[in-house]
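Q: Okay, handing you the structure first.
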Amino acid sequence: MTEQSSSGFWSFAKQSWLLTAATIGLVVIASVAIMPAWGVFAAWFGFVYLVAFTSALLVLLVTSAKSLDALGPARRFGRHTAAGAVAVVLTLIYAVVNGALFSGTPTGTVVEIQLVHSSLFFVPSLLIAGIRAIVQARKDARARSREDESARI
């Protein structure tokens, strides 16, 4: 991985991680507002999801050979979605291991609970990332049209 692609990845990873962490924070705050006792559970599942998401970003670092600087907003959204999907799978693996080894609850129930909570973080994260990608694409289009305008003059 070259220095430029490494810097592009870290820029993407930082933005993606902060977006996910902010989404988790918003979900925890919303859950506390709706039902205060649920905040602790939402915070725990959010922590598990954030650890899994961080691991997924590291997997993306290892498998990504291209510079993410050159990628447009749609591809960055796709990479964020891929990292989130890997994070959901990692949380399900965690739930299977946790359910089988440490819980008296049936493993299927533990996996269902984890899947519901992971979706509470994954889906809003995708919505926010999608909105961000649309806004960034519009900014890029405006910048290109301004460049074209100035080139004609």
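The values are calculated or read from the model by the stated rules, or taken from the named source; none is laboratory data. This is a predicted model, so every value here is computed, not measured. Cβ sites come from the backbone with ideal geometry, for glycine too, and all protein chains shown count toward neighbours. Accessible surface is based on the protein model in full, side chains and every heavy atom, while ligands, DNA and RNA are left aside. Shrake-Rupley method; radii C 1.70, N 1.55, O 1.52, S 1.80 Å.
Q: Expressed as a rounded percentage, what relative contact order does the chain have, with Cα pairs under 8 Å and six or more residues apart?
A: Relative CO of the chain lands at 29 percent.
Q: Kindly state, to the nearest 0.05, the FRET efficiency for Ile93 paired with Trp44, given R0 = 25 Å and r defined as their beta-carbon distance.
A: That gives a FRET efficiency of 0.90.
Q: Cα-based Rg (one decimal) and Dmax (whole number) for the stretch 19-112, in Å?
A: Rg, Dmax (Cα atoms, Å): 15.8, 49.
Q: With a 1.4 Å probe and all protein chains left in place, how much of the accessible area of the chain comes from carbon and sulfur atoms, in whole percent?
A: Working: 6470 of 9250 Å².
Taking all protein chains in place, the chain shows 70 percent carbon and sulfur surface.
Q: Using a Gaussian network model of the chain whose springs link C-alpha atoms within less than 10 Å, name the residue from Ala33, Ala82, Ala42 with the highest mean-square fluctuation.
A: Judging by the Gaussian network model, the answer is Ala33.
Q: Rounded to the nearest 500 deg cm²/dmol, what is the calculated helix-only ellipticity per residue at 222 nm for the chain, with -39500 (n - 2.57) per DSSP H run of length n ≥ 4?
A: Result for the chain, helices only: -31500 deg cm²/dmol.
Q: Also, I was wondering about something else. Leaving out ligands, DNA and RNA but keeping every protein chain, what accessible area does Ile113 have, in Å² rounded to the nearest 10, with a 1.4 Å probe?
A: 80
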